[in-house]
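Engineer: Attaching a single structure in structure tokens format; questions to follow.
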Amino acid sequence: MNAAELQKKTPFRLTLPEEEILSPGHLACQGCGAAMAMRYALKALGRNTILSIPACCWAVIDGPFPYSAAGVPVFHCAFETAASTAAGITHALSRLGLDEITTVAWAGDGGTFDIGLQALSGAAERNDNMIYVVYDNEAYMNTGIQRSSATPHGAWTTTTPTLQFKKGPKKNIMEIMVAHSIPYAATANIAYPEDLVKKLQKARSLRGMRFLHVYAPCPTGWKHAPGVTVKIARMATECNVFPIYEVEEGVYSINRRNPNPKPVAEYLKMQGRFHHLREEDVQFIQSRVDRDWQRLIKLEQAFGKAAGT
Amino acid sequence: MKKVLTGNFAAAYAAVAARVQVISAYPITPQTTIVEILSELVARGELAADFIKVESEHSALAACIGAQAAGARTFTATSAQGLALMHELIHWTGRARLPIVLANVNRAMAPGWSIWADATDAISERDTGWMQIYCEDNQEVFDSILMAYRIGERAEILLPTLVNLDAFFLSHTSQVVDLYDAERIDAFLPPYRPAVKLDVADPRSFGALTSPDYYYEFSYKIQKAHEAARQVIAETGKEFGSVFGRSYGLTEAYRCEDAEYVLVTYGTIAGTAKVAADRLREKGFRAGVLKIRYFRPFPAEDVVRILGRAAAAGVVDRAISYGQAGPFYTETRSVLPGAGPALTGFIAGLGGRDVSVADLESMFLQLRDGKHSPIVWIGVKP
């Protein structure tokens with residue numbers, strides 16, 4: 001049934017672009033947040049897009065040679081080169097008079113927060129004309145759930161076993177990118193596809209380095225049922241673990257507020273990777289989430305639109 | 001048009017003459033003047049290119065890979081540690097079949113820190129699918145870069161090329177270089193128009209997960225491209241001669257027709273060896289020099305044909321493969337038939353130590369004296 005027929009049967013308001021560019025035959029696990037992120041991203045960006053994808057889940061999800069699910073050109077690049085390869089692509093397109101094509105670096109958290117951070121910093125400092133999307137599933141999922149610097153405090157991974165779980169906070173990649181004074185940096189969450197699509201469309205209308213940090217749960221690595229991916233992702237924002245905000249030319253806007261944020265414990269208990277945590281661990285995580293949220297509010301007060309003049 | 005240029009300037013002017021569209025490079029001594037002059041020429045509008053001033057050599061080659069895959073002709077330059085940092089992407093370029101040209105200023109690897117000539121940096125990139133050229137003078141640097149694009153971009157080749165020039169002996173030494181004229185160069189090297197590239201009208205994925213069902217054949221095709229390149233290199237070198245007056249082959253045989261004793265070598269040592277051969281010939285000693293231009297593809301036929309006529313031959317390496325011998329020695333040994341001439345391997349000039357005419361004369365005389373060994377150290381201090 002196509003959208004028109006569906007519309008006749010059950011009237012609804014289509015809030016996302018209808019065209020499906022990503023093919024259904026991809027290799028993502030059931031309930032994969034990264035696959036949803038790409039589906040929405042391609043809807044937002046359209047077919048005039050070239051992807052640079054390093055080693056990450058998406059290097060596999062797109063399909064083995066000679067198959068490709070993305071529906072747009074994909075250049076598989078070395079692990080630490082999503083941004084530097086995309087820099088080459090975007091400069092070549094510009095030199096060849098093909099500026100209307102959007103160059104997208106599409107990398108996981110390991111390829112962004114860790115091994116690819118230098119190349120990303122270089123491209124951001126040069127303000128190379130690309131959209132850089134990190135789909136964040138908070139560990140090296142493709143290699144089998146090893147901790148990355150995006151893994152949150154308290155999480156189990158195969159290299160942070162429950163007896164010695166991940167200690168220390170997740171690296172704040174947004175603040176690192178904002179510190180480069182890039183035109184646009186935003187967080188988004190697969191549980192809020194309209195927001196994600198709107199941000200990518202805004203990003204596409206701008207030039208220079210545009211950065212999107214997309215929250216993308218991983219049932220395999222987070223130890224939850226494939227059917228609750230979206231629920232968990234939404235909960236992450238509803239309890240302020242993953243705030244939705246954007247920073248445009250240094251101006252902060254929090255896009256989603258929770259007048260009564262849910263307790264972090266509710267989010268944690270939905271995922272097997274946190275099951276070993278004791279009450280005091282949960283309280284500690286809650287205190288850090290509250291502190292980080294207050295910090296974000298202060299940033300918006302100081303550098304938001306209201307603070308403007 | 002002739003100019004007095006250092007090897008680095010010759011490399012930079014060759015990139016300009018080739019009308020490269022994207023440059024991406026990172027500074028490293030003694031390559032720096034290549035990136036400096038290219039920055040200047042791009043800023044002045046004398047070269048219509050984007051110069052991506054990256055934060056590392058790793059990103060330099062990654063950016064070239066992205067740009068070349070998107071359909072632009074690209075150029076980069078580095079040396080020693082920088083080439084080593086690129087190593088992962090050197091493999092990537094070869095397997096992606098992207099005809100990027102890289103000017104590498106041969107410099108010794110640290111530690112200790114050395115900025116002087118040594119080919120071990122480039123030899124370490126032997127098995128990556130790149131073609132490798134070693135230049136004797138600055139004219140050859142200029143000419144080799146132009147030919148490298150022409151050869152590498154051929155549909156049946158599609159291979160990247162490492163054009164090597166010795167640190168300081170070429171990079172910072174001025175010589176007269178004929179830059180020809182743009183019209184003839186443009187006719188010789190038409191714009192880069194790859195049959196396949198990143199194209200939104202024809203979306204494909206490049207470099208995807210490749211099962212054993214396919215990987216083996218990709219490797220086979222790279223080897224076949226190298227084998228095919230031997231003839232293309234020879235033909236292009238001849239054509240270059242008919243257009244510009246200087247012909248090139250995979251090797252250059254100097255006074256080898258009747259030579260009893262031949263030294264095989266590469267880079268600037270080849271020029272010094274020619275002088276040594278001339279001097280010895282004045283004394284009736286029939287000396288010849290076989291300069292290897294292309295290390296990959298290795299010019300097996302030339303080596304067998306030319307050394308087959310000699311009584312004894314030696315290979316002079318400004319590089320070493322620890323635990324074995326000089327890399328050009330082992331390559332030469334591997335292609336000679338069992339009954340081939342007695343072969344000696346000389347290790348000389350590592351880390352930029354001078355290799356004099358007298359040193360090379362003594363090597364020729366050692367060939368005559370018949371103590372043949374895989375490794376003979378020249379001037380090693382106790």
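The values are calculated or read from the model by the stated rules, or taken from the named source; none is laboratory data. The structure presented is a predicted model; accordingly, all values stated were derived computationally and were not measured. Quick reminder, even Gly has a Cβ in these numbers, built from the backbone with ideal geometry, and neighbours come from all protein chains shown. These accessible areas exclude ligands, DNA and RNA; they are computed on the full protein's heavy atoms, side chains included. Shrake-Rupley method; radii C 1.70, N 1.55, O 1.52, S 1.80 Å.
Engineer: Of all the Cα-Cα pairs you can form in the range B:2-244, what percent are over 29 Å apart?
Structural biologist: Considering the range B:2-244, 23 percent of its Cα-Cα pairs are separated by more than 29 Å.
Engineer: Pick from B:ASP302, B:ASP166, B:ASP118: which residue has the top mean-square fluctuation in a GNM of chain B where Cα pairs under 10 Å get a spring?
Structural biologist: B:ASP302
Engineer: Leaving ligands, DNA and RNA out of it, rank A:GLU20, A:GLU80 by accessible area with a 1.4 Å probe, largest first.
Structural biologist: I get A:GLU20, A:GLU80, largest accessible area first.
Engineer: Let me ask something else. Only four residue types carry charge here, +1 at the Cβ of Lys and Arg and -1 at the Cβ of Asp and Glu. Report the dipole size of the protein assembly as shown about the Cα centre in Debye, rounded to the nearest 20.
Structural biologist: The calculated dipole for the protein assembly as shown is roughly 1240 debye.
Engineer: Suppose we keep just the DSSP beta bridges with both residues in the range B:2-244; what percent of those would be antiparallel, to 5?
Structural biologist: 15 percent
Engineer: Would you list B:TYR214, B:TYR322, A:TYR184, A:TYR40 from the most to the least accessible area, probe 1.4 Å?
Structural biologist: Result, largest first: B:TYR322, B:TYR214, A:TYR40, A:TYR184.
Engineer: To continue, here is another question. Roughly how many Å is it from the Cα centre of the range B:153-189 to that of the range A:93-108, as a whole number?
Structural biologist: Answer, in whole Å: 30.
Engineer: Express the C-alpha Rg of chain A as a ratio against the empirical globular expectation 2.2 N^0.38 Å, rounded to two decimals.
Structural biologist: Relative to the 2.2 N^0.38 Å estimate, chain A comes out at 0.98.
Engineer: Hey, another quick one. May I ask you to derive the FRET efficiency for B:ASP202 and A:ASP99 from their Cβ-Cβ distance with R0 = 25 Å, giving the value to the nearest 0.05?
Structural biologist: E(calc), rounded to 0.05, equals 0.85.
Engineer: Compute the accessible area per residue over the protein assembly as shown, keeping the other protein chains in place, probe 1.4 Å, unit Å².
Structural biologist: I get 40 Å² per residue for the protein assembly as shown.
Engineer: So which of A:LYS167/B:LYS53; B:LYS291/B:LYS371; A:LYS9/A:LYS269; B:LYS238/B:LYS291 end up more than 27 Å apart, counting from Cα to Cα?
Structural biologist: Distance filter (> 27 Å) returns A:LYS167/B:LYS53; A:LYS9/A:LYS269.
Engineer: Ignoring ligands, DNA and RNA, how do B:HIS172, B:HIS226 rank by accessible area with a 1.4 Å probe, largest first?
Structural biologist: From most exposed to least exposed: B:HIS172, B:HIS226.
Engineer: Excluding residues fewer than 8 places away in the same chain, name every one of the aspartates and glutamates whose C-alpha is closer than 16 Å to that of B:LYS3.
Structural biologist: B:ASP137, B:GLU140, B:ASP143, B:ASP178, B:ASP181
Engineer: Under 14 Å from the Cα of B:LYS283, which aspartates and glutamates turn up, not counting those fewer than eight places away in the same chain?
Structural biologist: Filter leaves B:GLU260, B:GLU361.
Engineer: Note down the Stokes-Einstein diffusion coefficient of the protein assembly as shown in µm²/s, whole number, using a Kirkwood radius over alpha carbon pairs, 25 °C, and 0.890 mPa s.
Structural biologist: Estimated diffusion coefficient is 89 µm²/s.
Engineer: Additional query: Taking the Cα centre of the range A:28-303 as origin, work out the dipole magnitude from +1 charges on Lys and Arg Cβ and -1 charges on Asp and Glu Cβ, in debye rounded to 20.
Structural biologist: Around 380 debye, computed over the range A:28-303.
Engineer: Which of B:PRO191, A:VAL72, B:PRO297 sits closest to the plus end of the dipole of the protein assembly as shown, meaning its Cα is farthest towards the positive end, when Lys and Arg get +1 and Asp and Glu get -1 on the C-beta?
Structural biologist: A:VAL72
Engineer: Next question. Where does the charge balance sit around A:LEU93 when Lys and Arg score +1, Asp and Glu -1, over other residues with C-beta under 13 Å from its C-beta?
Structural biologist: -2
Engineer: Sticking with this structure for a sec: Taking the Cβ of B:VAL177 as the center, what net charge do the other residues with Cβ under 12 Å away carry, scoring Lys and Arg +1 and Asp and Glu -1?
Structural biologist: -1
Engineer: Between B:PHE142, B:PHE188, B:PHE364, where does the largest GNM mean-square fluctuation fall for chain B, given springs only between Cα atoms within less than 10 Å?
Structural biologist: B:PHE188
Engineer: Quick one: divide the alpha-carbon radius of gyration of the range B:252-362 by 2.2 N^0.38 Å and tell me what you get.
Structural biologist: Against the empirical 2.2 N^0.38 Å value, I get 0.98 for the range B:252-362.
Engineer: Per-residue Cβ counts within 10 Å, from other chains only, averaged over B:69-79: what number is that?
Structural biologist: Across B:69-79, the average partner-chain Cβ count within 10 Å equals 4.
Engineer: On a full-extension model of 0.36 nm per residue, what is the gain between B:GLU46 and B:HIS172, subtracting their alpha-carbon distance, rounded to one decimal in nm?
Structural biologist: 43.1 nm
Engineer: Applying the Karplus parametrisation 6.51 cos²θ - 1.76 cosθ + 1.60 with θ = phi - 60° to the phi angles of the range A:101-116, what ³J(HN,Hα) value in whole Hz is obtained for each residue in order, glycine and proline being reported as x?
Structural biologist: 7, 8, 8, 10, 8, 10, 9, x, 5, x, x, 10, 6, 10, 5, x
Engineer: Which residue, B:ILE292, B:ILE222, B:ILE133, has the most motion in a Gaussian network model of chain B that connects Cα atoms within less than 10 Å?
Structural biologist: B:ILE222
Engineer: Excluding residues on the same chain fewer than 8 positions from A:LYS305, give the lysines whose Cα lies under 25 Å from its Cα.
Structural biologist: A:LYS305 reaches A:LYS198, A:LYS199, A:LYS202.
Engineer: Provide the solvent-accessible area of B:ASP127, counting protein heavy atoms only and rolling a 1.4 Å probe, rounded to the nearest 10 Å².
Structural biologist: 100 Å²
Engineer: Here is a further query. Using a simple spin-label model with points 7 Å from Cα along the Cα→Cβ vector, what separation in nm is obtained for B:GLU257 and B:VAL4?
Structural biologist: Distance between label points: 3.6 nm.
Engineer: Counting helices only, and only those DSSP H runs with n ≥ 4, report the 222 nm mean residue ellipticity of the protein assembly as shown as the sum of -39,500 (n - 2.57) divided by its residues, in deg cm²/dmol to the nearest 500.
Structural biologist: That comes out to -11500 deg cm²/dmol.
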